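Enquirer: Mind looking over this structure? Questions follow.
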Ligand SMILES: C[S@@+](CC[C@H](N)C(=O)[O-])C[C@H]1O[C@@H](n2cnc3c(N)ncnc32)[C@H](O)[C@@H]1O
């Protein structure tokens, strides 16, 4: 764990989140945080350079963070988390991992879901690109892959 820089407004810590959250340096913030804003690795079905976990291991890993983050929140504090979608390898089927990860996170931390915001950008091409190209749209692709 290393302080990358600091200003009068705070410090930027360079570390694995797990290590920073369990370090004595952050202890004094317990119960004092209004908002935790995070964009963790997504439940992708392919490996990224930063070593994302796959499948149920991802779900369990993310859920553990609910226990690590919760002590820092004020009574009415919130966690805002970005979780991206993923598709099953080799078929035009959306993975349910991000949904399962969200539910496990809530269960594990005894947290309540305030609201889901869907990121919708009509100027982006629909994906995954190979299925959109092969079937015209991803819904048709899903039906045809089930016979
Ligand atoms: C989905 S990306 C978020 C990208 C970010 N929203 C952005 O726009 O740059 C996940 C990030 O989490 C980092 N990461 C992966 N495992 C981590 C860990 N254990 N602790 C802290 N950061 C981690 C990765 O290096 C990656 O940059």
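Enquirer: If residue 87 satisfies all but one of (1) more than 23 Å from residue 129 (Cβ to Cβ); (2) surrounded by 14 or more Cβ atoms within 10 Å (Cβ to Cβ), what's the number of the condition it fails?
Expert: Only one criterion in (1) more than 23 Å from residue 129 (Cβ to Cβ); (2) surrounded by 14 or more Cβ atoms within 10 Å (Cβ to Cβ) is unmet by residue 87, namely (1).
Enquirer: Related question: Out of curiosity, is residue 32 more than 15 Å from the ligand (Cβ to nearest atom) and in contact with a helix residue (DSSP H, G or I) (Cβ under 8 Å, 6 or more places away or on another chain)?
Expert: yes
Enquirer: Something else now. Select from segment 1-28 the residues that are out of contact with any helix residue (DSSP H, G or I) (no Cβ under 6 Å at 6 or more places or on another chain), touching a residue at least 24 places away in the same chain (Cβ under 8 Å) and within 13 Å of the ligand (Cβ to nearest atom) and list them in ascending order.
Expert: Result: 17, 18, 22.
Enquirer: Residue by residue through segment 68-96, note down the ones that are in contact with a strand residue (DSSP E or B) (Cβ under 7 Å, 6 or more places away or on another chain), more than 22 Å from residue 56 (Cα to Cα) and assigned to a helix (DSSP H, G or I).
Expert: Matches in segment 68-96: 72 only.
Enquirer: Looking at 53, 44, 99, can you tell me which residue is in contact with a helix residue (DSSP H, G or I) (Cβ under 6 Å, 6 or more places away or on another chain) and either without any contact (Cβ under 8 Å) to a residue 60 or more places away in the chain or part of a loop (DSSP other than H, G, I, E, B) (or both)?
Expert: Answer to the selection: 53.
Enquirer: All but one of (1) outside any helix (DSSP H, G or I); (2) within 16 Å of the ligand (Cβ to nearest atom) hold for residue 61; which doesn't?
Expert: (1)
Enquirer: While we're looking at this one, here's another question. Could you list, in sequence order, all residues of segment 7-25 that are assigned to a loop (DSSP other than H, G, I, E, B) and surrounded by 10 or more Cβ atoms within 10 Å (Cβ to Cβ)?
Expert: Answer for segment 7-25, where residues must be assigned to a loop (DSSP other than H, G, I, E, B) and surrounded by 10 or more Cβ atoms within 10 Å (Cβ to Cβ): 15, 22, 23.
No lab work stands behind these numbers, since they all come straight from the coordinates. Only a predicted model underlies this, so the values are computations on that prediction, with no experimental measurement involved. All Cβ positions, even for glycine, are placed from backbone atoms using ideal geometry, and neighbour counts span all protein chains on display.
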